[in-house]
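The values are calculated or read from the model by the stated rules, or taken from the named source; none is laboratory data. Just so it is clear, the model here is predicted, and its values are computed rather than measured. Cβ placement follows ideal geometry from the backbone for every residue including glycine, while neighbour counts extend to all protein chains displayed.
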Amino acid sequence: MEPGQPSDRALVWYFDVISPFAALAIPEIEALCDEHKVTFRPVLFAGLLKAFGHLGPAEIPAKRTQTYRIVQWIADERGIPFRAPPAHPFNPLTLLRLLCVRELSAADAAVAFWLVWGEGRDPESPETAAALAEALGVPLEAANEPQVKDRLRANTEAAVAAGVYGVPTLAIGDELFWGLDAMPMARAYLADPGLFASGEMARVSNLPMATVRPR
């Protein structure tokens, strides 16, 4: 494959432990890491929502139950051990900051999601934060260090600048693949760099807007 094609471009996975869909994507990301170098980038989902003027799925009453049911259904169908935390949405800042202390591997991201969405622990409890710090091999107090807080903020700002509006998002070069259900398309793009360049894919990639809803 020629240099500059998808397999040689940077792969970045943007995630927040608040997302059950990101938790369910871990097996696919782990498999991707067997063939490609992936950079793990913790971001604050609430910051993305604010930047793009969105509401999170759990903030829309009619969408909450459907969201929780679909993630549990997917987990059951795929045989992924899954247990939701005591309450959702929650404040993920401490866990995200611990994930920003050093560079991460797939195993690091997996243990964070396992604590929250596998064991169903309270993400805001000191015990959960201590368990994650121990698993990562970082001091718990590092979550309060200014440079760590700045790193999470910078990650989120960089994500917004790249056009990342939700989590999880896999970036392959400049192309963004948002959501658990986009992973098959991401793999197809890695296998065929011209996937979006012709036919209906090219047309829909530049589809004009016929009307704009007032804001």
Item to check | Extreme residue, surrounded by the fewest Cβ atoms within 10 Å (Cβ to Cβ), among residues of region 73-104 that are free of Cβ contacts under 8 Å to residues at least 60 places away in the same chain and of a type in the set (Val, Ile, Thr) | outcome: Ile80
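Do you know which of the residues in region 48-72 that are of a type in the set (S, T, N, Q) and free of Cβ contacts under 8 Å to residues at least 40 places away in the same chain is nearest to Leu24 (Cα to Cα)?
Residue satisfying both the conditions and the ranking: Gln72.
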Item to check | Pairs with Cβ under 8 Å, 6+ apart, first in region 200-215 and farther than 20 Å from Phe52 by Cα, second in a loop (DSSP other than H, G, I, E, B) and not aromatic (Phe, Trp, Tyr) | outcome: Met201/Leu195
Item to check | Filter result (in a helix (DSSP H, G or I) and closer than 22 Å to Leu32 by Cβ) within region 182-210 | outcome: Ala182, Met183, Pro184, Met185, Ala186, Arg187, Ala188, Tyr189, Leu190, Ala191, Met201
Checklist entry - In the set Thr39, Thr94, which member is within 29 Å of Ala130 (Cα to Cα), hydroxyl-bearing (Ser, Thr, Tyr) and out of contact with any helix residue (DSSP H, G or I) (no Cβ under 7 Å at 6 or more places or on another chain)? => result Thr39
Item to check | In region 21-73, the residues that are farther than 20 Å from Phe90 by Cβ, among the hydrophobic types (A, V, I, L, M, F, W, C), modelled with pLDDT of 95 or more and part of a helix (DSSP H, G or I) | outcome: Ile29, Ala31, Leu32, Cys33, Ala51, Phe52, Trp73
Item to check | Residue satisfying all of: in region 1-20; farther than 26 Å from Trp73 by Cα and of a type outside the set (A, V, I, L, M, F, W, C); modelled with the highest pLDDT among these | outcome: Arg9
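Is it the case, given these coordinates, that Arg213 is among the basic types (Lys, Arg), outside any helix (DSSP H, G or I) and surrounded by 14 or more Cβ atoms within 10 Å (Cβ to Cβ)?
No, not satisfied.
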Item to check | Condition broken by Ile18, with the remaining ones in (1) buried (at least 20 other Cβ atoms within 10 Å of the Cβ); (2) part of a helix (DSSP H, G or I); (3) not aromatic (Phe, Trp, Tyr) satisfied | outcome: (2)
Checklist entry - In the set Val116, Val101, Val111, which member is assigned to a loop (DSSP other than H, G, I, E, B), of a type in the set (A, V, I, L, M), at negative phi and modelled with pLDDT of 95 or more? => result Val101
Checklist entry - Any chance region 170-181 includes a residue that's part of a helix (DSSP H, G or I) and under 30 Å from Trp114 (Cα atoms)? => result yes
